[in-house]
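What follows is a single structure, written as structure tokens, with notes after it.
The values are calculated or read from the model by the stated rules, or taken from the named source; none is laboratory data. These numbers were taken from a predicted model, which means no experiment stands behind them. Here Cβ is always computed from backbone atoms with ideal geometry, including for glycine, and neighbour counts include all displayed protein chains. Just so you know, the surface numbers come from the protein's heavy atoms only, side chains and all, with ligands and any DNA or RNA stripped out. Shrake-Rupley method; radii C 1.70, N 1.55, O 1.52, S 1.80 Å.
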Amino acid sequence: MQDEFKIDTVVIGEGDRTALDVFKKIMKDNKVQRVVKTEKPEIKEIPEITKPALFGVTEITRGCGKGCQFCSPTMRTFYSFPLEKIKKEAEMNARAGSKMVVLQTDDLFLYKHHERFVPNRDAIVELVNTIGKIDGVEYLQPAHAALPPVVYDPKMIEEIAPMLVEKGRWKCHGRKVASVEVGIETGSVRLIEKHMHGKALPLEPKDWPEIVTQAVGILNDNDICPLATLVVGLPDEREEDTIATMELVDDLWGSEIFYVPLFFTSEEECLLSSARQADLRRLSEMHWEFFATCWRHNINIWAPDVSSKVAVASALLYPLYYRWKHGAKIGKAIKILGGFEKSSMIEGD
Ligand code: SF4
């Protein structure tokens, strides 16, 4: 790919310590290696940004430490940045005309967390309210959040929700709401324990499905409608795991949530970097059913008015393309997506 796109140098990792030298060498016409792997910076080497960032992105934490095996941020050293630095960067973004500040983090609730990933309610509430009150910030969007801290400390959600909703830019069923990306990944306790044992902290992995349903309920009660990733094709995934995830989607049926079902990707910088990637060709009939059920849910909740158009498109797509490309195993998925049939896992509506 590097040759195909005529890219001279690829820099992999955090840039703070190493990337500057790469740019200096290039400016002086010195030769730079084809691939540069960077060294980890210490927190004092991470500078304040001095020019506005796209979407007003302002970094509040870096790294994670919960150790999910498919995840690259967890390989980085964890830092929470001082509120003063975050505030200065957000103010600079707002002064430069950015109406939105995105709080860049892999989990808002990691910010200045206590031991065992217990959320620091005071620090998080102060952060959200301080940045939300900056002149010119019309929208405040945390990039990611974890679900277990929501269940661990629902009062924290009650305290940050008013500011997030006031500065939210989304609508659900005609009312203003906030959103944040969360990782459900799977409904299978077996896969959680195998590949992402720390994900449920400060709670227990064995309770994962209940943690997810409770957290989504608490978020919805506070007008926060999460966008949730789900991963298909994790290493050693079995049919029983897909069924567990379908059952979780069933339990959440009707919740104000937007699903983003994804294929497992073995990222360069993660513990499962040599594992086989998932792809369309290897999807089972149940996987197709799962994808269709997620998108049927999304249409029902977020765009009920386009439902009939999707039904027509599905009816046309099936014979014209997907059946030819992927065979009979996607027939049921197309019917679910078009609203002609319910998933065998989903009873109610
Ligand atoms: S909880 Fe999220 S950010 Fe942390 S290791 Fe797991 S996937 Fe990565």
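For the chain, what is the relative contact order in percent, using Cα pairs closer than 8 Å and at least 6 residues apart in sequence? Averaging sequence separation for qualifying contacts and normalising by length gives 12 percent for the chain. First check a/c for the stretch 14-96, with a ≥ b ≥ c the square roots of the eigenvalues of its C-alpha gyration tensor; if it is under 1.5, answer rounded, and if not, answer prolate when a/b is larger than b/c or oblate otherwise. Oblate, because a/c is 1.5 or more while a/b does not exceed b/c. Here the accessible area of the stretch 139-197 is 52 percent carbon and sulfur, with a 1.4 angstrom probe and all protein chains present. Once backbone amide H atoms are built at 1.01 Å from N, residue 262 has 230, 231, 232 as its partners under 5 Å, excluding neighbours fewer than 5 places away on the same chain. About its Cα centre, the dipole of the chain is roughly 1120 debye, where the only charges are +1 on Lys and Arg Cβ and -1 on Asp and Glu Cβ. The radius of gyration of the Cα set in the chain, together with its Dmax, comes out at 21.8, 66 angstrom. Pairs from the table (28/51; 133/309; 40/133) lying more than 30 angstrom apart at Cα are 133/309; 40/133. Modelled spin-label separation between residue 49 and residue 229, with each label point placed 7 Å from Cα along the Cα-to-Cβ direction: 2.0 nm. Our summary gives the stretch 166-239 a relative contact order of 38 percent, counting only alpha carbon pairs under 8 angstrom and 6 or more residues apart. Taking Lys and Arg as +1 and Asp and Glu as -1, the other residues whose beta-carbon sits under 11 Å from that of residue 139 total +1. Computed over the stretch 33-165, the percent of Cα pairs more than 24 Å apart is 31. Taking a ≥ b ≥ c as the square roots of the eigenvalues of the Cα gyration tensor of the stretch 102-147, is the shape rounded (a/c under 1.5), prolate (a/b larger than b/c) or oblate? In terms of gyration-tensor shape, oblate.
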